[in-house]
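The values are calculated or read from the model by the stated rules, or taken from the named source; none is laboratory data. Predicted model only: the values in this text are computed from it and were never measured. Cβ atoms come from the backbone with ideal geometry, glycine included; neighbour counts cover every protein chain shown.
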Amino acid sequence: MGIRERLSGNEAIAVAMKQINPDVMGAFPITPSTEIPQYFSRYVADGSVDTVFIPVESEHSAMSTCIGAQAAGARAITATSSCGLALMWELLYVAASDRLPITLACVNRALSGPININNDHSDSMGARDAGWIQIYAETNQEAYDNYLQAMRIGEALSLPVMICQDGFITSHAIENIELLEDDKVKAFVGEYKPENYLLKHENPMAVGPYATAAYYMEAKRAQAQAMMDAKEVIKKVGAEFGALTGRSYGLVERYMMDDAELALVIIGSSAGTAKAEVQALRAQGKKVGLVKVRSFRPFPAEEMAEALAGCKAVAVMDKAEGMNGNGGPMYFEVRSALYDLPVRPMVISYIYGLGGRDVSVDSIGKVYADLEEMAAAGKPGSTYRFLEVRE
């Protein structure tokens, strides 16, 4: 039986960190993730954890700290948001290419400029090709559950993991949540026992050496294979977590999709708003549904194609602007996933919620109305649209 609590998403992540008891945390504050190292530093101070807490002068240094610690054989964690993640950019690639399973709590926030501290996904989406596994949460419960699973996932693949939740929406809002007991977390996560690390004197090694053209591509090919293999690992760990807690996780969540003709593809906390509108439209007899993406990296292409194969029209909701003149980043992943279907649904891109712009059930209703119009006309019209923006 779990422990029932009322926690914000940030505090839930900090509790998960405490229960895991990692070796090192490199930390620098930035809104809205500041609370995570703040809460965790209290656990360090009162002796609840054995973690070495290293406050640094920037997010670049925070990731440098994690890279050094993880390469030495320690479990290393950090948390950041927005421009803090951007300041880590170079080192995100280093951590991934060095195959270091660092776990980063990313509290999603818009990137400057204009300066904005509210939620969208431009920070983590900008890092989507850095080689990090990316898992997104709809609720505080999912943020906590995802973080506990991240250690198992990353360490099985030697890849870093980014656990994302929506800034202020879940990070600061308090929800009912069920925590696992400490002993169950320790048994589930297990100990970190890397095969090779810098302090293993009997097997000298280098981490991050210069790679000439004779070796660089093979290193990248191995890294890409690990990302492909991550799909099965994420599903396996999610199933084991479900057996322990009753809350199972996969790569996507299908919501009322069995007979859906019109569907949204969405990520993060907005899925909750969209589900409410799906329920309302279902009550009117409309065949609508929703696919929530949990794992954006690796992208669940096969699962997406299977989920949307019977649809007539699909809207892909991106809380990040792709700046390519054609649509958002998730839109192109979904379109690519559907390409080999013998009969493809019409697919349009919606950019929404940038900089914290509110998205209501009425907003989602407008999207379904557009899909209904598309299905009736048999043509998509504009495939690149913006929701709730003053044109």
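Below, the figures for the structure above:
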quantity: Extreme residue, farthest from the chain's Cα centre (by Cα), among residues of region 184-204 that are among the hydrophobic types (A, V, I, L, M, F, W, C) and part of a helix (DSSP H, G or I); calculated: 187
quantity: Region 96-109: number of residues that are polar (S, T, N, Q) and either surrounded by fewer than 20 Cβ atoms within 10 Å (Cβ to Cβ) or not in a strand (DSSP E or B) (or both); calculated: 1
quantity: Matching residues, region 319-332, being out of contact with any helix residue (DSSP H, G or I) (no Cβ under 7 Å at 6 or more places or on another chain) and surrounded by fewer than 21 Cβ atoms within 10 Å (Cβ to Cβ); calculated: 323, 324, 325, 326, 332
quantity: Residues of region 110-136 classified as over 21 Å from residue 150 (Cα atoms) and either assigned to a loop (DSSP other than H, G, I, E, B) or in contact with a helix residue (DSSP H, G or I) (Cβ under 6 Å, 6 or more places away or on another chain) (or both), total; calculated: 11
quantity: Subset of region 108-145 (residues that are within 21 Å of residue 90 (Cβ to Cβ) and among the aromatic types (Phe, Trp, Tyr)); calculated: 132
quantity: Residue that is modelled with pLDDT of 95 or more and over 17 Å from residue 22 (Cβ atoms), where the choices are 174, 163, 153; calculated: 174
quantity: Helices (runs of 4 or more DSSP H) lying entirely in region 1-95 (those with 3 or more residues that are touching a strand residue (DSSP E or B) at 6+ places or on another chain (Cβ under 9 Å) and within 27 Å of residue 173 (Cβ to Cβ)); calculated: 9-20, 35-45, 82-87
quantity: Residue 113 being out of contact with any Cys (no Cβ under 7 Å at 6 or more places or on another chain), farther than 25 Å from residue 223 by Cβ and surrounded by fewer than 24 Cβ atoms within 10 Å (Cβ to Cβ); calculated: yes
quantity: Complete set of residues in region 3-18 that are polar (S, T, N, Q) and over 17 Å from the mean Cα position of the chain (by Cα); calculated: 8
quantity: Members of region 205-220 that are free of Cβ contacts under 8 Å to residues at least 60 places away in the same chain, within 14 Å of residue 98 (Cβ to Cβ) and either among the polar types (S, T, N, Q) or assigned to a loop (DSSP other than H, G, I, E, B) (or both); calculated: 205, 206, 209, 210, 211
quantity: Leading residue by the ranking (nearest to the chain's Cα centre (by Cα)) among those in region 340-365 that are surrounded by fewer than 15 Cβ atoms within 10 Å (Cβ to Cβ) and of a type in the set (D, E, K, R); calculated: 358
quantity: Region 257-269: number of residues that are surrounded by fewer than 23 Cβ atoms within 10 Å (Cβ to Cβ) and touching a residue at least 40 places away in the same chain (Cβ under 8 Å); calculated: 3
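Residues are listed down the side, and each one gets a yes or a no for (1) surrounded by fewer than 20 Cβ atoms within 10 Å (Cβ to Cβ); (2) touching a residue at least 40 places away in the same chain (Cβ under 8 Å):
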{"position": "5", "(1), (2)": "yes, yes"}
{"position": "14", "(1), (2)": "no, no"}
{"position": "17", "(1), (2)": "no, yes"}
{"position": "42", "(1), (2)": "yes, no"}
{"position": "57", "(1), (2)": "yes, no"}
{"position": "71", "(1), (2)": "no, yes"}
